[in-house]
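The values are calculated or read from the model by the stated rules, or taken from the named source; none is laboratory data. On a predicted model such as this, the values are computed, not experimentally measured, just so you know. Cβ coordinates were reconstructed from backbone atoms using ideal geometry, including for glycine residues, and neighbour counts include every protein chain displayed. Accessible surface areas use protein heavy atoms only, side chains included; no ligands, DNA or RNA. Shrake-Rupley method; radii C 1.70, N 1.55, O 1.52, S 1.80 Å.
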Amino acid sequence: MNKIYQYELRRILRSKFFWGLLAVCLFFGWNILQTSTIKGVAHTAPFSPWSFGAYMARILPLLGVALLFFQWNQCNEKSRQFGRLTDAAPVEQGKYLLVKCAAAVTAWLLLALILTALGLGFLAIMFGRNVPVGMLLLTAAITLLPALLFLAGMGLLAGRIHSGLLFGLMALALGAGFIPLSMNIDLYGYSFFTEYPLTMGLLDPEFSMPGGMIVSRVIFLLAGIGFLVFAVWRKKKLYLFKFSH
């Protein structure tokens with residue numbers, strides 16, 4: 001399994017699409033930092049968790065497209081031809097599916113870490129020791145992980161049904177970042193970071209999350225895990241049905 005993981009990860013990282021997506025994300029992230037984050041959001045400081053969370057939430061639609069594209073690259077026709085060989089091999093299909101998903105997630109995490117470092121580096125250069133690096137990293141994790149698991153689960157399940165469905169999910173993932181949503185149903189959390197501080201009646205309030213927001217993040221996490229489990233179960237079921245007939 002380790003060799004399969006390394007093969008899938010190398011295939012993603014060596015592709016021109018990975019570097020193209022990285023270049024687009026860096027350009028978009030840098031533009032957000034210079035035009036929006038530097039001004040602060042919702043009357044908060046540019047280096048506050050609110051402003052940094054808004055930066056991460058704004059680039060998440062592109063990151064979501066990148067994750068779904070990595071998954072599409074693993075279930076397109078070329079990959080399916082390779083999959084016919086693995087189907088005939090003594091490999092547990094559920095584990096094989098999870099290993100491929102882990103490779104896509106690893107590549108995505110690399111993109112996310114680079115963009116997180118870009119934001120931290122920008123703020124550190126501009127504001128020095130005033131930047132609360134630890135709190136900003138926590139904010140990044142709160143923002144990234146629910147979206148990662150939810151989209152990874154949906155992408156894995158859709159890709160197992162038909163690879164073309166992933167293009168529809170890419171459009172939804174991108175479009176969701178530009179549709180005004182209430183904070184409890186906003187997967188990326190942009191409305192939370194830009195609107196909730198205004199309801200607290202304080203200038204640059206300390207970072208906190210209301211109960212509804214915490215529940216919504218947990219729901220997205222659990223839904224993503226549920227999609228992953230169902231996709232693996234479905235793969236096992238189809239594999240057993242195929243070889244029992």
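Annotations for the structure displayed:
- Looking across the range 58-69, the residues that are open to solvent by less than 10 Å² (accessible area, probe 1.4 Å) and not β-branched (Val, Ile, Thr) come down to 60, 61, 63, 64, 66, 67, 68.
- The conditions of being of a type outside the set (Phe, Trp, Tyr) and touching a Ser or Thr at 6+ places or on another chain (Cβ under 6 Å) are not met by residue 154.
- Filtering 72, 108 for residues that are open to solvent by 50 Å² or more (accessible area, probe 1.4 Å), among the aromatic types (Phe, Trp, Tyr) and either within 20 Å of residue 170 (Cβ to Cβ) or modelled with pLDDT of 95 or more (or both) leaves a single hit, 72.
- Residue within the range 38-52 that is within 26 Å of residue 102 (Cα to Cα) and buried (at least 17 other Cβ atoms within 10 Å of the Cβ) present: no
- Options 190, 196: the member that is buried (at least 17 other Cβ atoms within 10 Å of the Cβ), closer than 30 Å to residue 55 by Cβ, modelled with pLDDT of 90 or more and under 17 Å from the mean Cα position of the chain (by Cα): 190
- Annotation: residue 226 fulfils all but one of (1) at pLDDT below 90; (2) farther than 25 Å from residue 117 by Cβ; (3) in a helix (DSSP H, G or I); the unmet one is (1).
- For the residues 71, 34, the requirement of being polar (S, T, N, Q) and within 17 Å of the chain's Cα centre (by Cα) singles out 71.
- The residues listed here are 191, 163, 182; of these, the one that is out of contact with any helix residue (DSSP H, G or I) (no Cβ under 8 Å at 6 or more places or on another chain) and not aliphatic (A, V, I, L, M) is 191.
- Residue list for the range 151-199, filter: closer than 21 Å to residue 37 by Cβ, outside any loop (DSSP other than H, G, I, E, B), of a type outside the set (Asp, Glu) and in contact (Cβ under 8 Å) with a residue 24 or more places away in the chain: 174, 176, 177, 178, 190, 192, 193, 194, 196, 197, 198
- Test: residue 202 is within 14 Å of the chain's Cα centre (by Cα) and of a type in the set (A, V, I, L, M): no
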